[in-house]
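The values are calculated or read from the model by the stated rules, or taken from the named source; none is laboratory data. A quick note: this is a predicted structure, and the numbers were derived from the prediction, not measured. Using ideal geometry, Cβ is built from the backbone for each residue, glycine included, and neighbour counts are taken over all protein chains shown.
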């Protein structure tokens, strides 16, 4: 084989592939011979440190490649390999570098931490990850956060100066390069040693840099030798391999992270120049470069027609693909400034302000996301200025949606402007709600945003004043609804002060304002939705101020509960909020049964948080898609409008306890006993199944412990479990008049404990003294007498009152435990016999069937079955009648025995 086809040296393989070597045998053979000698001379034995560092560099490369495609599983595996490789390399680092952690390793950890935090904070991006990647992300985040705790000092220094080098590293690099220079020179003194750092070259144009690889002369063996030696020895110092390249005198190269930071800092400016030493750089934002167009020519005479044409030109570009929305807003502001400088009429300025408002609304392309704070402030200011013009120029300026483009008049008075003041204020209100929902409710940002509600309500009031003058009844109802939606959930202490006579009757309160606005909607609204929402907020406001009877009558007269299932989701949420607040109002007024009825539909579902739009339950996230979750998040209520769920649940459980415990005591042995509250019953049963029950800690445990104490008739223990320091802090102190609520609770606990005591222990007593009962339960005699009389009238207690002796005479008609169980057993056996007879009758009717039957046969069988059923029913009725007669005879015998015993005692 000819030496012409033999492979060249390493220096030839490193040269450019674009140039083809000339077929000159002398040159090629010489180069080949030189490369053979070069291989012997440049044979390098790598140290353990270089091998470990090469392993680390390969793992870091894999991590960076995996980060580009967000392959969290591969990143997790590579990170574990990286930690193991660094642990192996730690011995070499300790010996040669005195334990200094390499800078490239710290850089890798910092980049990995930033990447994990970025992916973790991007909630929408996380939803697109697969289940395996999502699981790996959580594991990787925990491991990285735990691992980098050992490198806190190095990470801090690196983040302060990512491109800087410490003095120890520089000195160390110089010493390493000198020692390695000597090692290279010793085996081959004839060959020229190459420095470990590249020589600084003079700056060249960009094209020359790009073509530098292709400018190698294949014919010169010296050039190829030099390039080969440079390529091989330039990274002989491992530190040089992983260090960032230092910028030259006239070039300034930035790291990718630094470029991102520069873009974020300078994103607000479209085109900005910086002077850096001798040469300037231009930093532009992402996107195409579009120069800001000039408003008018230098010699143009600015008048109203020119300004209106320019406004039309700017607004014509609205909605087009390549339109810079931010620049459009800036041009409109500049146009407004020019119009004010030239003292143009208010109609043109109002038209420009209206265009600014619509442009700001269009700036945010995503409806679900709130606008930026800077544009929110501009929007508030623009709407305030526009409404100030409309209200000050009542006779000359009219802004209405019904004005067409041909009818628009902006040059001579009276001025007519096409637009809708109501639409922009509704959009403003929606944006305000989105801003509140975006903020963390426990931060100062939420408080700052909530302060803007004063400005929003003022704008709504101004719009309502303007719409009352120029709008129709439907528009007035819409703006009134926006007004009352900012009013209905706010508590007004003057209402209660006026009710209790602390303020004169002429005092104007929020209830009076709500009544006026809602009455207008009731009489003038043409749509059911606005009227329904007005009724709901009106009931809510009445219930908030303890107007129980007005709120209850409004609910009953409106019949909302019959048609609410066909309403839209926001109206259903408002209905749920109204019922929750109505239940709290009934509880404060002492109407325990009504409070339970109002709250039972919310609490029995075990998801009041979702029904009240105060959050989403995490355990039900798999039941809805991503789009459904986004829609439900948009319906959530702002935090300052939330109803305390723990307070709501406590009121419901206490109401259920006051109703359920006496009922259980009265029907202890009744097989057909129904549950008043399923939720409370489950809590009680789960507590009874526990083998060891400690002192109560949570709110539910306090209520269950109080219920157990009430079943025994111990009202003091029950009251102590319900009313104590912990429960006051969690629940009862949240009411406006907490002391009154606690007194009301104590009174009801005493009364229901008395009823439970009588139901439970009435078969033990032959007679009970009313004064002793009053003393035992700390109730007035009249109240005890009243309670026992009601129980006797409702046939709950078989007894009679003896007024002269103030005693309650028990008739002992209640069966004993054995008798009650026997009666239950008898009822069950009777039901079983009835079922068997029905089955037997059905089989008997079809016993003689043979093949197909005619109509006469079918009619005969039906008549026969009916007769059999009637006969069975008659037998069952006779048995029930006999059983009732036996029970009556037993009762008569017991009463006769009681009379005889009384006569004997006398």
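Residue 356 meets all of the listed conditions (1) farther than 25 Å from residue 430 by Cα; (2) modelled with pLDDT of 90 or more but one, namely (1). Exactly one of (1) under 26 Å from the mean Cα position of the chain (by Cα); (2) surrounded by 12 or more Cβ atoms within 10 Å (Cβ to Cβ) is unmet by residue 587. Its number? Of everything listed in (1) under 26 Å from the mean Cα position of the chain (by Cα); (2) surrounded by 12 or more Cβ atoms within 10 Å (Cβ to Cβ), residue 587 misses just condition (1). Identification of helices (runs of 4 or more DSSP H) wholly contained in the stretch 110-164 with 2 or more residues that are more than 25 Å from residue 630 (Cα to Cα) yields 131-147, 152-160.
Yes or no, residue by residue, for (1) more than 29 Å from the chain's Cα centre (by Cα); (2) modelled with pLDDT of 90 or more; (3) closer than 18 Å to residue 359 by Cβ:
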residue: 408; (1), (2), (3): yes, no, no
residue: 414; (1), (2), (3): yes, no, no
residue: 426; (1), (2), (3): no, yes, yes
residue: 460; (1), (2), (3): no, yes, no
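For the stretch 613-641, the tally of residues that are assigned to a loop (DSSP other than H, G, I, E, B) and within 13 Å of the chain's Cα centre (by Cα) stands at 9. Each residue in the stretch 498-518 was checked for being over 39 Å from the mean Cα position of the chain (by Cα) and loosely packed, with under 11 Cβ neighbours inside 10 Å, and 5 pass. Residue 768 falls short on exactly one of the conditions (1) more than 20 Å from residue 810 (Cβ to Cβ); (2) touching a helix residue (DSSP H, G or I) at 6+ places or on another chain (Cβ under 9 Å), and that condition is (1). Among the residues making up the stretch 468-508, a single one is touching a helix residue (DSSP H, G or I) at 6+ places or on another chain (Cβ under 6 Å), over 25 Å from residue 426 (Cβ atoms) and in a helix (DSSP H, G or I): 495.
Under 7 Å between Cβ atoms, which residue pairs at least 6 apart in sequence (or on different chains) link something in the stretch 131-142 that is not assigned by TED's automatic domain parsing to the domain that holds residue 71 with a partner that is surrounded by 13 or more Cβ atoms within 10 Å (Cβ to Cβ) and assigned to a helix (DSSP H, G or I)? Taking only residues 6 or more apart or on different chains, not a single pair turns up. Inspect all residues belonging to the stretch 360-370 and state whether any of them is in a helix (DSSP H, G or I), touching a helix residue (DSSP H, G or I) at 6+ places or on another chain (Cβ under 8 Å), within 21 Å of residue 330 (Cα to Cα) and at pLDDT below 90. Looking for residues that are in a helix (DSSP H, G or I), touching a helix residue (DSSP H, G or I) at 6+ places or on another chain (Cβ under 8 Å), within 21 Å of residue 330 (Cα to Cα) and at pLDDT below 90, one finds at least one in the stretch 360-370, hence yes. Residues that are touching a residue at least 12 places away in the same chain (Cβ under 8 Å), within 24 Å of residue 555 (Cβ to Cβ), outside the structural domain of residue 824 (by TED's automatic domain parsing) and assigned to a helix (DSSP H, G or I): does the stretch 657-671 have at least one? Within the stretch 657-671, one or more residues are touching a residue at least 12 places away in the same chain (Cβ under 8 Å), within 24 Å of residue 555 (Cβ to Cβ), outside the structural domain of residue 824 (by TED's automatic domain parsing) and assigned to a helix (DSSP H, G or I). Do we have residue 795 as within 29 Å of residue 670 (Cα to Cα) and surrounded by 15 or more Cβ atoms within 10 Å (Cβ to Cβ) here? The answer is no for residue 795. Is at least one residue of the stretch 432-440 loosely packed, with under 15 Cβ neighbours inside 10 Å and not assigned by TED's automatic domain parsing to the domain that holds residue 518? Within the stretch 432-440, one or more residues are loosely packed, with under 15 Cβ neighbours inside 10 Å and not assigned by TED's automatic domain parsing to the domain that holds residue 518.
Tell me yes or no: at least one residue of the stretch 401-416 is over 23 Å from residue 463 (Cα atoms), in the same structural domain as residue 459 (by TED's automatic domain parsing) and touching a helix residue (DSSP H, G or I) at 6+ places or on another chain (Cβ under 8 Å). Checked the stretch 401-416: at least one residue is over 23 Å from residue 463 (Cα atoms), in the same structural domain as residue 459 (by TED's automatic domain parsing) and touching a helix residue (DSSP H, G or I) at 6+ places or on another chain (Cβ under 8 Å).
When the residues of the stretch 317-342 are filtered to those that are outside any helix (DSSP H, G or I) and in contact (Cβ under 8 Å) with a residue 24 or more places away in the chain, the one that is nearest to residue 365 (Cα to Cα) is 319.
Looking only at the stretch 711-726, residues that are without any contact (Cβ under 8 Å) to a residue 40 or more places away in the chain and assigned to a helix (DSSP H, G or I) come to 8 in all.
The residue that is farthest from residue 81 (Cα to Cα), among those in the stretch 35-50 that are at pLDDT 50 or above and surrounded by 14 or more Cβ atoms within 10 Å (Cβ to Cβ), is 42.
If you check residue 323 against the conditions, is it out of contact with any helix residue (DSSP H, G or I) (no Cβ under 7 Å at 6 or more places or on another chain), surrounded by 14 or more Cβ atoms within 10 Å (Cβ to Cβ) and under 28 Å from residue 450 (Cα atoms)?
The answer is no for residue 323.
For the residues 605, 532, the requirement of being without any contact (Cβ under 8 Å) to a residue 60 or more places away in the chain and not in a helix (DSSP H, G or I) singles out 605. Of the residues examined, residue 790 is not one that is within 20 Å of residue 752 (Cα to Cα), surrounded by fewer than 15 Cβ atoms within 10 Å (Cβ to Cβ) and in contact with a helix residue (DSSP H, G or I) (Cβ under 7 Å, 6 or more places away or on another chain).
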